[in-house]
């Protein structure tokens, strides 16, 4: 079956448990249509670059799925109809990468930025 990655943004005024409940809800939609959620991550509340539906922040969630195209279309249709979901992005990928996504990696794991050379040189 094809592999997909999804990111969706839900409204900022719902609780984090409700936002994580949306992940489970859309996972069951996929399961009912012959697909499954391989992995999911809740990224938390993040500030967006611009307002969406008068919201400056939103709950971000990430899903890795393995599902046929009709199951993905049904899940996206229900996401767009859901009042709490503001945006949805779905990308078809060749393979799922192991481990956490870039958003979940610690800042220290991304690599050492090195010394900028401005420490101790205050005047």
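Throughout, read-outs are computed from the coordinates displayed, never taken from laboratory work. Only a predicted model underlies this, so the values are computations on that prediction, with no experimental measurement involved. As a convention, Cβ positions derive from the backbone with ideal geometry for all residues, glycine included, and neighbour counts pool all protein chains shown.
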Divide by every residue of the chain the summed helix terms, -39500 (n - 2.57) for each DSSP H run of at least 4, and state the resulting mean residue ellipticity at 222 nm, rounded to the nearest 500 deg cm²/dmol.
-8000 deg cm²/dmol
Sorting 62, 8 on the 10 Å Cβ count, fewest up front, what's the list?
62, 8
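For 86, 48, 1, 79, which order do you get if you count the other beta carbons within 10 Å of each Cβ and list the fewest first?
1, 48, 86, 79
Rounded to the nearest whole Å³, what is the per residue volume of the convex hull around the Cα atoms of the chain? Don't jump to the answer; show the numbers that get you there.
Values: hull volume 18.1 nm³, N = 123.
So the per-residue hull volume is 147 Å³.
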Quick one: compute the contact order of segment 1-83, relative version, from alpha carbon pairs under 8 angstrom and 6+ residues apart, as a percent.
42 percent
Kindly express, to the nearest 10 degrees and within the range 0 to 90, the angle between helix 69-81's C-alpha long axis and the longest C-alpha principal axis of the chain.
70 degrees
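Fewest to most neighbouring Cβ within 10 Å: what's the order for 39, 13? Kindly include the intermediate steps, with their values, before the conclusion.
Numbers: 39 16, 13 11.
Fewest-to-most ranking of 39, 13: 13, 39.
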Using only Cα atoms, tell me the angle between helix 16-32 and the longest principal axis of the chain; keep it within 0 to 90° and round to the nearest 10.
40 degrees
